[in-house]
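J.: Dumping the structure here so I can ask a few things about it.
The values are calculated or read from the model by the stated rules, or taken from the named source; none is laboratory data. What you are looking at is a predicted structure, and each value in this text was computed from that prediction instead of being measured. Cβ placement follows ideal geometry from the backbone for every residue including glycine, while neighbour counts extend to all protein chains displayed.
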Amino acid sequence: MDVLAADWLGICRRVVAAQRRVFAATATSAERTAYEGVGEGGDRTLVIDRECEDAVFAELEALAAQGASFVAVSEERGEVSFGGGGPVRVVIDPIDGSLNARRTIPSHSLSLAVASGPTMADVEFGFVHDFGADEEFAARRGAGATLGGRPIAVSRPGGGRIEVVGVEAAEPERAAPILAALGGGVYRVRVVGSIAITAAYVAAGRFDAMLSTRPCRSVDAAAAQLLVREAGGEVAFGELPLAEAGLGLDARYPIAGGADAAALRLVSAAARA
């Protein structure tokens, strides 16, 4: 079976439906604040993290039962081979924005990417579902990006001005110098709480650029970076070329994205502040 030709959009939509049931069953912050150890990505694992990941792996197991071979790279379980493994990677963050999900803040997402090889340059399919807005972003390499099935493209206000930048911030002390460096070049900043959603907003023309104040993991960015590139924008992982930005769970690198090269340069410079 050609795993790259599988119905990945249908798979992702079934996962979203299953995850909706998880969130509906845990409607309060108290219900969602239950931990069960530490995931392979190094963060404490919420019960809802595991349940949402289980929904993904149920679909992957069904795909493998049809003869597909691939390696799953997931935040909680790490790297898991199906059908003998092989070069194809399925890169998953079951909940990107776990703090938001735990606190019942609406902006959190499923992020899933399918790659023909081990790097960001090899990603062939990307999917991000924003549970807060109930929006589906998808992209296929060479075929463009969509929001709800309709084509999307990056956008910049006239006159070269950068109007809105998404900043994925963690500790305030990390964010402060970066925000100061953006001063004078950016009109407003927004903090969503999910790298995948923030990058998807660049692809949809809602943000002119985005950056993370600390290194991100492959599972956070693999799907959304394809969205940005297929929508006509540009992405950088620090000084690493895309072909050297690995998809392994141990990979860590800064991410920045922009509607064009000028926007990318501005936020990349601020990220180094």
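J.: Would you please name the residue that is surrounded by the fewest Cβ atoms within 10 Å (Cβ to Cβ), looking only at residues in segment 154-184 that are at pLDDT 90 or above, more than 19 Å from the chain's Cα centre (by Cα) and assigned to a loop (DSSP other than H, G, I, E, B)?
T.: 183
J.: How many residues are without any contact (Cβ under 8 Å) to a residue 60 or more places away in the chain and not charged (D, E, K, R) when one looks only at segment 144-178?
T.: Number of matching residues: 16.
J.: Just one of (1) over 25 Å from residue 152 (Cβ atoms); (2) among the charged types (D, E, K, R); (3) in a helix (DSSP H, G or I) trips up residue 265, so point out which.
T.: In the conditions (1) over 25 Å from residue 152 (Cβ atoms); (2) among the charged types (D, E, K, R); (3) in a helix (DSSP H, G or I), residue 265 misses (1) alone.
J.: Another question about this same structure. From the list 81, 98, 107, which residue is more than 30 Å from residue 25 (Cβ to Cβ) and outside the structural domain of residue 230 (by TED's automatic domain parsing)?
T.: On the way: 98 fails: more than 30 Å from residue 25 (Cβ to Cβ); 107 fails: more than 30 Å from residue 25 (Cβ to Cβ).
Selected residue: 81, the only one of 81, 98, 107 that is more than 30 Å from residue 25 (Cβ to Cβ) and outside the structural domain of residue 230 (by TED's automatic domain parsing).
J.: OK, next. Anything in segment 203-233 that is over 20 Å from residue 248 (Cβ atoms) and assigned to a helix (DSSP H, G or I)? List them, or say none. Before you say what the answer is, go through the steps one by one.
T.: Residues of segment 203-233 that are over 20 Å from residue 248 (Cβ atoms), as a first pass: 203-211, 213, 227-233.
Once the filter is applied, which keeps residues that are over 20 Å from residue 248 (Cβ atoms) and assigned to a helix (DSSP H, G or I), segment 203-233 yields 203, 227, 228, 229, 230.
J.: Would you confirm, using the coordinates I've provided, whether residue 114 is in contact with a Lys or Arg (Cβ under 7 Å, 6 or more places away or on another chain), aliphatic (A, V, I, L, M), within 23 Å of residue 256 (Cα to Cα) and in a strand (DSSP E or B)? Break it down into steps so the answer makes sense when it comes.
T.: Details: in contact with a Lys or Arg (Cβ under 7 Å, 6 or more places away or on another chain): no; aliphatic (A, V, I, L, M): yes; within 23 Å of residue 256 (Cα to Cα): yes; in a strand (DSSP E or B): yes.
Answer is no for this residue.
J.: Quick one: would you say residue 133 is hydrophobic (A, V, I, L, M, F, W, C), surrounded by fewer than 20 Cβ atoms within 10 Å (Cβ to Cβ), touching a Pro at 6+ places or on another chain (Cβ under 9 Å) and at pLDDT 95 or above?
T.: On the way: hydrophobic (A, V, I, L, M, F, W, C): yes; surrounded by fewer than 20 Cβ atoms within 10 Å (Cβ to Cβ): yes; touching a Pro at 6+ places or on another chain (Cβ under 9 Å): yes; at pLDDT 95 or above: yes.
Yes: the conditions hold for residue 133.
J.: Condition test on residue 173, is it under 25 Å from residue 17 (Cα atoms), out of contact with any Asp or Glu (no Cβ under 7 Å at 6 or more places or on another chain) and charged (D, E, K, R)? Let's see the steps before the verdict.
T.: Numbers: under 25 Å from residue 17 (Cα atoms): no; out of contact with any Asp or Glu (no Cβ under 7 Å at 6 or more places or on another chain): yes; charged (D, E, K, R): yes.
The answer is no for residue 173.
J.: Then there's this: Kindly list the number of the only condition in (1) crowded, with 23+ Cβ neighbours inside 10 Å; (2) farther than 22 Å from residue 157 by Cα; (3) touching a strand residue (DSSP E or B) at 6+ places or on another chain (Cβ under 7 Å); (4) modelled with pLDDT of 95 or more that fails for residue 221.
T.: (3)
J.: Suppose the filter is assigned to a helix (DSSP H, G or I), over 25 Å from residue 141 (Cα atoms), touching an Asp or Glu at 6+ places or on another chain (Cβ under 7 Å) and in the same structural domain as residue 130 (by TED's automatic domain parsing); does residue 15 pass it?
T.: Values: assigned to a helix (DSSP H, G or I): yes; over 25 Å from residue 141 (Cα atoms): no; touching an Asp or Glu at 6+ places or on another chain (Cβ under 7 Å): yes; in the same structural domain as residue 130 (by TED's automatic domain parsing): yes.
Against the criterion (assigned to a helix (DSSP H, G or I), over 25 Å from residue 141 (Cα atoms), touching an Asp or Glu at 6+ places or on another chain (Cβ under 7 Å) and in the same structural domain as residue 130 (by TED's automatic domain parsing)), residue 15 does not qualify.
J.: Assuming residue 106 fulfils every condition listed in (1) over 16 Å from residue 16 (Cβ atoms); (2) surrounded by fewer than 21 Cβ atoms within 10 Å (Cβ to Cβ); (3) not aliphatic (A, V, I, L, M) apart from one, which condition is it?
T.: That leaves (1) as the condition not met.
J.: Continuing with the same structure: Name the residue that is surrounded by the fewest Cβ atoms within 10 Å (Cβ to Cβ), counting only residues in segment 239-257 that are in contact with a Phe, Trp or Tyr (Cβ under 7 Å, 6 or more places away or on another chain) and hydrophobic (A, V, I, L, M, F, W, C).
T.: The selected residue is 240.
J.: Which one of these does residue 56 not meet: (1) modelled with pLDDT of 95 or more; (2) surrounded by fewer than 21 Cβ atoms within 10 Å (Cβ to Cβ); (3) not in a strand (DSSP E or B)?
T.: (2)
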